[in-house]
Amino acid sequence: MGYRHGSHTVFEIHLHVVWVTKYRKPVLTGQVGIRVRELIWQVCRDSDVEILKGHISKDHFIRAGSALADETDFQSELEATGF
C-alpha cells in the first residue's frame, strides 16, 4: 500500500484485527478453516488490502495488514460473505 499523504502529513496505518466466533466455539477447523482463509484472501484482494500476517485458529482468526480508508466497508463486505 505504501505511505498516504495529507496536506501536511505523511503516514502509514497498519491494523491488527481479531475476529472471534460466538462463545468462542471451535468451529474454524478442517474444511471450514480452509474456506474461511479463502474468503479472507478473496475479500482482501478485492478491497486492495495487503495482508502482512494472518492466522486462523479453531475459534478466532487474526489479520494484520494495511488499513483501508474506511475499515467498516471492509468489515461489511466480509460479513456479506457469510461471517
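Treat the count of other C-beta atoms within 10 Å as a stand-in for reagent exposure and order D46, D59 from fewest to most.
D46, D59
Under 11 Å from the Cβ of L28, count the other residues' Cβ atoms, weight Lys and Arg +1, Asp and Glu -1, and hand me the total.
Surrounding charge for L28 is +4.
Please give, to one decimal in nm, the separation of the simple spin-label points placed at E38 and H5, each 7 Å out from Cα toward the Cβ.
4.1
For a Förster distance of 35 Å, can you work out the FRET efficiency between the beta-carbons of I51 and Y23, rounded to the nearest 0.05?
After rounding to 0.05, the efficiency reads 0.85.
Report the net charge of residues surrounding H14, where surrounding means a beta-carbon distance below 11 angstrom and charges are Lys +1, Arg +1, Asp -1, Glu -1.
Value of the local net charge: 0.
Where a number appears in this text, it was derived from the coordinates with a stated rule and is not lab data. Since the model is a prediction, treat every value here as computed from it, not as a measurement. Glycine also receives a Cβ, built like all others from the backbone with ideal geometry; neighbour counts cover every protein chain displayed.
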